[in-house]
Amino acid sequence: MGCKVLTKEQTQHFIDKGHIVISQAFPKDLAAEWREFAFKRLGYNPDDSSTWQEERIHMPSINSVPIQSVSPYTYDVICDLLGGQNRLANPNLHWRDGFIINFSAGADREWQPPSSSVGGWHKDGDFFRHFLDSPEQGLLTIVIWSDIQPQSGGTFVACDSVKHIAKHLLGNPQGLLPHEAGFGQFVHNCQDFIEITGQAGDVVLVHPFVLHAGSQNPSGRARFIANPPVALKEPMNFNRKVADEFSPVELAILEGLEVDRLDFQPTAPRQRIVPDRVKHEQKILEEQKARLARSQ
């Protein structure tokens, strides 16, 4: 397919490796401003790690910013990977300050490099029944809000996992609920592992079938990321009449399945799920708003 901004080499890298890195995608000043606000919301002192009560926390969001306004190039890359803006469920994409902050998870253990022996490997998506063509999660994003040096909590990625997840989902056309899917087991079939590092303002766009895992952070620095999914308007289509109309996300799945096209039909209804974390995040949000009100 024709891409607006991605080169053929970049597109092929995404198909082969399941991700693409965009350096300096958005302003560092925005990242610094939102990190400072996050510490206020938590009641933590950014310069005193003894005040960091949690090892790791998922923040609910308060602020948001349109991606097109702060990173038009990233927006165009997202559209390229999904086959065009007209395939997005909501073209008005936003980034939010719903951070995943790793303060010191696993700091009391010897650091483990990315491999199949590391725990926690998973495929995102706790809010829907998973099918081969699921539209709820057309693309994953790792938005880097703080500098991440090696061995500092960067996300682990299994670059060669798309084909294994694709085959598992093809063999389960009835769909799989998140708790029963067992996606993480397929990391033992993978051999190509990387650790995501970068600077505040970088963005990593990731295929939705890529397995990934959190890592330890013994660095003494808080690591801030967010990983919002990008939804599709319609399910993925692996049987398009014109081959050039396949998106890179679809092509990666077809290559993983070693077919040129596929007439996939789900055998059960699609299903949305309200995960337990939603209630938990709402409770955290109420607590943080009360803390902010008291500090004024």
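Observations on the model:
- Residue tally, condition more than 30 Å from Asn86 (Cα to Cα), within 26 Å of the chain's Cα centre (by Cα) and among the aliphatic types (A, V, I, L, M), over the stretch 245-296: 2
- Tabulated pairs, the stretch 177-193, first within 25 Å of Gln271 (Cβ to Cβ) and outside any helix (DSSP H, G or I), second modelled with pLDDT of 95 or more and of a type in the set (D, E, K, R), C-beta under 9 angstrom, 6+ apart or interchain: Leu177/Arg129; Pro178/Lys123; Pro178/Arg129; Ala181/Lys123
- Filter result for Ser50 (hydroxyl-bearing (Ser, Thr, Tyr) and in a loop (DSSP other than H, G, I, E, B)): no
- If the condition is being in contact with a Pro (Cβ under 9 Å, 6 or more places away or on another chain) and either free of Cβ contacts under 8 Å to residues at least 40 places away in the same chain or farther than 30 Å from Glu54 by Cβ (or both), then the stretch 236-277 contributes Met236, Val249, Phe264, Gln265, Pro266, Thr267, Ala268, Arg270.
- For the stretch 136-163, residues that are within 15 Å of the chain's Cα centre (by Cα) and not in a loop (DSSP other than H, G, I, E, B) total 10.
The values are calculated or read from the model by the stated rules, or taken from the named source; none is laboratory data. Keep in mind that what you see is a predicted model, and the values were worked out from it rather than measured. All Cβ positions, glycine included, derive from the backbone under ideal geometry; neighbour counts span all protein chains shown.
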